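Engineer: My structure is below; once you've seen it, I'll send some questions.
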Amino acid sequence: MVMGDLVREVDVVVVGGGPGGYSAAFRAAELGLDAVVVDAGKRLGGVCLHEGCIPSKALLHVAGLISEAERARELGVDFGEPRIALDALRTWKTERVVGRLARGLAAVAKGKGVDVVGGRAVFESSRGLRVEGDEPQKIRFAHAIVATGSRPVMLPGLAARSERIMDSTAAVELPDVPERLLVIGGGYIGLELGTVYAALGSLVTVVEMMDGLLPGVDRDLVQPLARRVEKLFAGVHLGARVAGLVDSGAVVEARIEGQAAQVFDRVLMAVGRRAQSDGLGLETTRVRPDAHGVIPVDDRCRTEDPRIYAVGDVTGEPMLAHRAMRQGKVAAEAIAGRPAAFDNRAVPAVVFTDPEVAWCGLTEHEAQAAGREVRIGKFAWAASGRAATLGRSDGLTKLVIDPASGRVLGVGIVGPGAGELIAEGALAVENALLAEDVAATIHAHPTLSESLMEAAESLLR
Ligand code: FAD
Ligand code: NAD
């Protein structure tokens, strides 16, 4: 018998070991199911741990240190010019941050009895799949969970094969600190990684096709970030597109529509991500991805095939790790016969720039677009004692309230630490708290969290 003939029988096979996949497998194992993960890289953590959330936030931490040290000069403390040892920085990110967490996940999997098989999974029917690659085998399953994530979109026509034209995976590797970096896309990745490279010393130019950065995000929240980015970056071109990129070997020549050609040492393409459902053999099942590769699922994460579930980025927007994790747990519980549903009202979103931008639930713009009447409570951080002590009075906290009931429908925050503060907003929205409840809760003084209480109080006057 050759290895490829081996047929393994499991309760649940999870395809993809990212946050959605490993959360599903861990929960399935906790519920007594025999679960196995097939991952192309034979590792847990997926894009989030190995090339996304975690390495980018490690680099943003370093960028934050550099800009705090610069700000300290205004406070009378001068650390001098930063000297950056790229090798040491890469080792810290890769070994001490990503490596340590990856080893932790592998240990958890072992502890729960979840086996991780290395290779590409290809479905052969609604009951079985084959694994291609280093550990070829066939797996027969009672249920499968597709958690294959997403991949960067590369603009057709511009996606020349050039080491100088990077996607986010290449950019977090930090190959060097280019003197001039062109960032195409002023969304999450463009702004987060643009911030990293600018802090390390690159002259960063951002080109965004829409008329504002972070399109779709509340303008009140984006404004303080846009002001900061204007100072931090060498150029921000809104309502603009890159019409051509030519790698001449030493530099990349870029044509931004309506402007003379400019040269850059590297380009980061950050124009969105696409669900990854192709090449999976789904045509042998009843799962039918849409034209964007997205697998439609119901609130229990069931696809059209009763034996196959899907979670995470492959199921579409918002493509965020914490959503994938929650869906993973729901899918495992649904398979185990528990009454689980992905019915969360608040999926918090955080852009880890400086200042951070975070929101959850209904936004003012969404309410307007839906013709829904809301009341808005705002608290500008200029009046916050804690913000003053940090030298950061540029923040804003905003509550979106149902005028009839006083219920908190949405929360938006911009300012340092907004990503941590939004947890209180998510708790309020998810649990249908009233503005009154938030206002009557004692918040420690002096903290930035008081801004939520103040915004709530502003609605009760
Ligand atoms: P993924 O993490 O994409 O994992 C999918 C896994 O499936 C991969 O390991 C892949 O190798 C494997 N796979 C694919 N096809 C097959 C196959 N046929 N057979 C076997 N294995 C397969 N989100 C946040 O919430 N916060 C952040 O701060 C954040 N920062 C980000 C920064 C960057 C630069 C990027 C790119 C993304 C960031 N994200 C962030 C998004 C986050 O990474 C994703 O939402 C999350 O990883 C999705 O998890 P997932 O489980 O759906 O899939
Ligand atoms: P994005 O959707 O956040 O931003 C892409 C931007 O590119 C948009 O503003 C879009 O208008 C612009 N764009 C598209 N085509 C363009 C063109 N031809 N020229 C100029 N601009 C163009 O996508 P992203 O930044 O690539 O990130 C992908 C996804 O990864 C995010 O949507 C998010 O789900 C996830 N992510 C999350 C975090 C986080 O949670 N902090 C961080 C990074 C990535």
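Engineer: Under the √(5λ) rule applied to the eigenvalues of the Cα gyration tensor, what semi-axes describe the equivalent ellipsoid of the chain? Give them in Å, descending.
Structural biologist: 38, 30, 21
Engineer: Could you give the size of the charge dipole of region 165-271 about its Cα centre, using +1 on the Cβ of each K and R and -1 on the Cβ of each D and E, expressed in debye and rounded to the nearest 20?
Structural biologist: 240
Engineer: Between A106 and I442, take the C-beta separation as r, use R0 = 51 Å, and let me know the FRET efficiency to the nearest 0.05.
Structural biologist: With a Förster radius of 51 Å, E is 0.75.
Engineer: Another question, then. In nm, to one decimal, how far is the S248 label point from the E179 one, both placed 7 Å along Cα→Cβ?
Structural biologist: The modelled label-to-label distance comes out at 1.3 nm.
Engineer: Can you put T389, T195 in order of Cβ neighbours within 10 angstrom, beginning with the fewest?
Structural biologist: Values: T389 9, T195 26.
By the 10 Å Cβ count, ascending: T389, T195.
Engineer: Cut-off is 10 Å between beta-carbons; in what order do K42, K398 appear when sorted fewest neighbours first?
Structural biologist: Fewest-to-most Cβ neighbours within 10 Å comes out as K42, K398.
Engineer: Report the trypsin sites (Lys or Arg not before Pro) located in region 151-202 that are in a DSSP loop and have at most 15 other Cβ atoms inside 10 Å of their Cβ, or state none.
Structural biologist: When the trypsin sites (Lys or Arg not before Pro) of region 151-202 are filtered for loop state and at most 15 Cβ neighbours within 10 Å, R161 remain.
Engineer: Now for a different question. Assuming 0.36 nm per residue, please report the length gained on full extension of the stretch A341 to K231 beyond their Cα-Cα distance.
Structural biologist: Between A341 and K231, full extension yields an extra 35.1 nm.
Engineer: Follow-up. Just need the relative contact order of the chain here, percent rounded to a whole number, with Cα pairs under 8 Å and 6+ apart. Each step should come with its number before you reach the end.
Structural biologist: Values: 1004 pairs, mean separation 69.3, N = 461.
It rounds to 15 percent for the chain.
Engineer: Please report, in Å, the Rg and the Dmax of region 349-457, where both are computed over Cα atoms only.
Structural biologist: 13.0, 40
Engineer: In a shell of Cβ-Cβ distance under 12 Å around E454, excluding E454 itself, what net charge do Lys and Arg (+1) and Asp and Glu (-1) give?
Structural biologist: For residues surrounding E454, the net value is +2.
Engineer: Kindly provide the Kirkwood hydrodynamic radius of region 165-271 in Å, to one decimal, from all pairs of distinct alpha carbon atoms.
Structural biologist: 13.7
Engineer: To make sure I understand, if each residue's beta carbon is the centre and we count other beta carbons within 10 Å, what order do S384, S125, S451 fall in, fewest to most?
Structural biologist: Exposure proxy ranking, most exposed first: S125, S384, S451.
Just so you know, all these numbers are worked out from the coordinates, no wet-lab data involved. Everything numeric in this text was worked out from a predicted model, so none of it was measured. For neighbour counting, all protein chains shown are included, and Cβ atoms are generated from backbone atoms with ideal geometry for every residue, glycine included.
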